[in-house]
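Following: one structure in structure tokens, then a few remarks.
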Amino acid sequence: MTTPDRAARTAIVTVDDDPAVSRAIARDLRRRYGERHRIVRAESGQAALDALRQMKLRGEQVAVILADYRMAPMNGIEFLEQAMDVYPAARRVLLTAYADTGAAIDAINVVDLDHYLLKPWDPPEEKLYPVVDDLLEAWRSADVRPVSVTKVVGHRWSARSSEVREFLARNHVAYRWYPTETPEGQKLLSAAGADELRLPLVITPGGDVMVEPSDTELAARVGLATTPSEAFYDLIVVGGGPAGLGAALYGASEGLRTVLVERTATGGQAGQSSRIENYLGFPDGVSGAQLTDRARRQAAKFGAEMLTACEVTGLEVNGSSRTVRLSGRGDIAAHTVILTTGVSYRQLDAPGVAELTGRGIYYGSAMTEATACTGEDVYIVGGANSAGQAAVFLARGARSVTILVRGPSLEHSMSHYLIQQVEALPAISVRTCTEVVAAHGTDHLKQLTLRDTRTGATEQVEAGWLFVFIGAAPRTDWLGEAVLRDDHGFVLAGPDLSVDGQRPAGWDLDRVPYHLETSIPGVFVAGDVRAESAKRVASAVGEGAMAVMFVHRYLEGL
């Protein structure tokens, strides 16, 4: 007797409370998968659950479940959480009208989300079918067992717990969060024999327990690469933002033995953006996390090696090789190096801020905390694009979002399209000529003291959430004196190295430095860390690719 193909007995389930959308996605799924799969359509979470339970009783298999996020009264995450109990092995997809990174991270934590799709998905041949094809293949090849994820137990208002969750989320490691205040958190603490004095507690899918882990330990135990596989490469890329990912992609795709070294997570500041709308090729916008994940997977596909949680501490010239020192990891060397370390947000210098960082005050978007801001009053410090993107994203759920700007307007630092979006949202207000002079609270942020820079008048406001996006400090102290930098620490390159037409001191080659070449031959720079760079995602990616072109020119001359 021939056993029928497992796929012939499987269903693909889709649920959306908009009848037109529900019919459209079912139509597209039937067009491609209808011959071998049963397409089941529902227009509410409850109706879909009823259908799943009936299918379970009949012994039918479900391979993929697609659910709209913004359904009512049961949203997509709530539905998928209950659907897991019926079909734990089914692959789960969240449909959302926007690049809703907060919702996606929520779904990863709660329902082990496999993918999320933006609506509309036209053309399905490009945006829908490749995703479903991969999920069906993964379902067919996987054991029919619940998916295990990393568990994190910690205090709600713990800075380190927040950092661990952000580290896992930005590195696309699925995890579940268990505050110590919950019964589940207490059970995990008891099972691990841990106490609340040493947190966070991290439990890997294999059952390994880590107490107060460092980023390096965490990365190694959850499957991220932290140790180089070789001692010598053609190209070392230092920094994993858009410029670094672009350089790694083009370097590896052109046959260079390439390694990218990142101290925290790929994506840089752009990877934390809730929505990027002015990047070429994404007319509907894309979240920083999505863009980063695609770029990382694309670079890996071409063979680029990527190291995470690796701190670079020095750069040396040893004959024709360039040596990069890694903290606690020894050295790696290469013919060439591209510096793409980007910039970090400057610290807000006001009493109380340092003590409450990670406890209501966050630098960057802190997407893992964004969902907790629903119904809350949120403050944002900064007037550039990153602040505007965060404000628009948070305004979807927060009761109010107030942007605090030291200058007289947003026009000087924010793109016009973002200013229009900010002005169109009633939940967002902008306070110009205003700065934070103090933060107040014990275990977490409670109030802010604001000062009008024109009059000097101060006022105290109730605030539980403050996101800071101020300035751009280059990460270049580790370079020492060998690489020339400007007064602000940004790396000088190409024509900017010349003084009165003279080559930089110590430059012993007959040619002048290439456009993106630093004061050390064979060491290049790209992206925000370069002096006078454009500070835009598109330009950073372009510079990363251009730097690889100059790497080839340099290698040809060796």
Revision key, fill the gap. Of the residues in the stretch 194-204, those that are part of a loop (DSSP other than H, G, I, E, B), among the aliphatic types (A, V, I, L, M) and touching a strand residue (DSSP E or B) at 6+ places or on another chain (Cβ under 6 Å) number 2
Study note, to complete from the structure: Within the stretch 293-326, the residues that are open to solvent by 60 Å² or more (accessible area, probe 1.4 Å), farther than 17 Å from GLU230 by Cβ, outside any helix (DSSP H, G or I) and touching a Ser or Thr at 6+ places or on another chain (Cβ under 8 Å) are GLU311, THR313, GLU316, VAL317
Exercise for review: Report yes if TYR178 is in a strand (DSSP E or B), over 30 Å from VAL491 (Cβ atoms) and touching a strand residue (DSSP E or B) at 6+ places or on another chain (Cβ under 9 Å), otherwise no.
Suggested key: yes
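When you go through ASP496, ASP510, ASP443 one by one, which is the residue that is over 15 Å from GLY342 (Cβ atoms), touching a residue at least 40 places away in the same chain (Cβ under 8 Å), open to solvent by 30 Å² or more (accessible area, probe 1.4 Å) and out of contact with any helix residue (DSSP H, G or I) (no Cβ under 8 Å at 6 or more places or on another chain)? Don't jump to the end; show me each part of the working.
Numbers: ASP496 fails: touching a residue at least 40 places away in the same chain (Cβ under 8 Å); ASP510 fails: touching a residue at least 40 places away in the same chain (Cβ under 8 Å).
None of the other options fit; the residue is ASP443.
Run down THR476, THR442, THR458, THR432 and say which single residue is under 21 Å from ASP528 (Cβ atoms) and not small (Gly, Ala, Ser). Give the derivation first.
Numbers: THR442 fails: under 21 Å from ASP528 (Cβ atoms); THR458 fails: under 21 Å from ASP528 (Cβ atoms); THR432 fails: under 21 Å from ASP528 (Cβ atoms).
Going through THR476, THR442, THR458, THR432 in turn, the sole match is THR476.
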Practice item. Within the stretch 471-493, identify whether any single residue is at pLDDT below 95, surrounded by 13 or more Cβ atoms within 10 Å (Cβ to Cβ) and over 24 Å from PHE524 (Cβ atoms), and answer yes or no. Key: yes
Exercise for review: Please find, within the stretch 14-37, the residue that is nearest to PRO123 (Cα to Cα) out of those that are among the charged types (D, E, K, R) and crowded, with 18+ Cβ neighbours inside 10 Å.
Suggested key: ASP28
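Can you pull out every residue in the stretch 521-536 that is farther than 19 Å from ALA384 by Cα and part of a loop (DSSP other than H, G, I, E, B)?
From the stretch 521-536, those farther than 19 Å from ALA384 by Cα are 521-526; that's our starting set.
The answer is PRO521, GLY522, ALA526.
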Check your understanding: Can you pull out the residues in the stretch 52-94 that are assigned to a strand (DSSP E or B) and either without any contact (Cβ under 8 Å) to a residue 60 or more places away in the chain or of a type outside the set (Gly, Ala, Ser) (or both)?
Key -> GLN61, VAL62, VAL64, ILE65, LEU66, ALA67, ASP68, ARG91, ARG92, VAL93, LEU94
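Give the residue that is least open to solvent (accessible area, probe 1.4 Å), with candidates limited to residues of the stretch 38-51 that are in a helix (DSSP H, G or I) and of a type outside the set (A, V, I, L, M). Give the steps one after another, and end with the answer.
Looking only at the stretch 38-51, we keep the residues that are in a helix (DSSP H, G or I), and these are 45-51.
Still in the running and of a type outside the set (A, V, I, L, M): 45-46, 50.
Details: GLY45: 4, GLN46: 86, ASP50: 78 Å².
Among those residues, the one meeting the criterion is GLY45.
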Exercise for review: May I ask you to say which residue of THR323, THR341, THR357, THR368 is closer than 27 Å to GLY281 by Cβ and polar (S, T, N, Q)?
Suggested key: THR341
Check your understanding: part of a helix (DSSP H, G or I), of a type outside the set (Ser, Thr, Tyr) and surrounded by fewer than 15 Cβ atoms within 10 Å (Cβ to Cβ): does that describe GLU411?
Key -> no
Check your understanding: When you go through (1) surrounded by fewer than 17 Cβ atoms within 10 Å (Cβ to Cβ); (2) at pLDDT below 85; (3) over 24 Å from GLY223 (Cβ atoms) one by one for GLU126, which number turns out not to apply?
Key -> (2)
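I'm checking my understanding of the structure. Among residues of the stretch 357-391 that are on the phi > 0 side of the Ramachandran plot and modelled with pLDDT under 90, which one is surrounded by the most Cβ atoms within 10 Å (Cβ to Cβ)?
Filtering the stretch 357-391 down to residues on the phi > 0 side of the Ramachandran plot leaves 358, 360, 364, 366, 375, 382.
Narrowing the set further to residues that are modelled with pLDDT under 90 leaves 364, 366.
Working: GLY364: 19, ALA366: 22.
The residue in question is ALA366.
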**Study point:** Selection status of VAL422, open to solvent by less than 30 Å² (accessible area, probe 1.4 Å), out of contact with any helix residue (DSSP H, G or I) (no Cβ under 6 Å at 6 or more places or on another chain) and either aromatic (Phe, Trp, Tyr) or not in a loop (DSSP other than H, G, I, E, B) (or both)
**Key:** no
Practice item. Kindly check whether there is at least one residue in the stretch 459-471 that is in a strand (DSSP E or B), among the β-branched types (Val, Ile, Thr) and more than 26 Å from ALA159 (Cβ to Cβ). Key: no
Point to revise | Subset of the stretch 273-304 (residues that are over 18 Å from HIS115 (Cβ atoms) and aromatic (Phe, Trp, Tyr)) | key: TYR279, PHE302
**Study point:** Only listed residue being part of a helix (DSSP H, G or I) and in contact with a helix residue (DSSP H, G or I) (Cβ under 8 Å, 6 or more places away or on another chain), chosen from ALA191, ALA169
**Key:** ALA169
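Output the residue which, of all residues in the stretch 520-558 that are small (Gly, Ala, Ser) and closer than 21 Å to ALA473 by Cβ, is surrounded by the fewest Cβ atoms within 10 Å (Cβ to Cβ). Show your work before the answer.
Just the residues of the stretch 520-558 that are small (Gly, Ala, Ser), to begin with: 522, 526-527, 531, 533-534, 538-540, 542, 544-545, 547, 557.
Still in the running and closer than 21 Å to ALA473 by Cβ: 526-527, 531, 533-534, 539-540, 544.
On the way: ALA526: 33, GLY527: 35, ALA531: 19, SER533: 21, ALA534: 13, SER539: 18, ALA540: 28, GLY544: 29.
By that ranking, first place goes to ALA534.
If you take the residues of the stretch 327-340 that are open to solvent by 10 Å² or more (accessible area, probe 1.4 Å) and on the phi < 0 side of the Ramachandran plot, which of them is modelled with the lowest pLDDT?
Taking the stretch 327-340 first, the residues open to solvent by 10 Å² or more (accessible area, probe 1.4 Å) are 327-331, 333, 335.
Still in the list and also on the phi < 0 side of the Ramachandran plot: 327, 329, 331, 333, 335.
Values: SER327: 91, ARG329: 82, ASP331: 95, ALA333: 98, HIS335: 98.
Filtering the stretch 327-340 for residues that are open to solvent by 10 Å² or more (accessible area, probe 1.4 Å) and on the phi < 0 side of the Ramachandran plot, the one modelled with the lowest pLDDT comes out as ARG329.
The values are calculated or read from the model by the stated rules, or taken from the named source; none is laboratory data. All of these numbers come straight from a predicted model, not from anything done at the bench. Cβ sites come from the backbone with ideal geometry, for glycine too, and all protein chains shown count toward neighbours. In case anyone asks, the SASA skips ligands and DNA or RNA and just uses the protein heavy atoms, side chains included. Shrake-Rupley method; radii C 1.70, N 1.55, O 1.52, S 1.80 Å.
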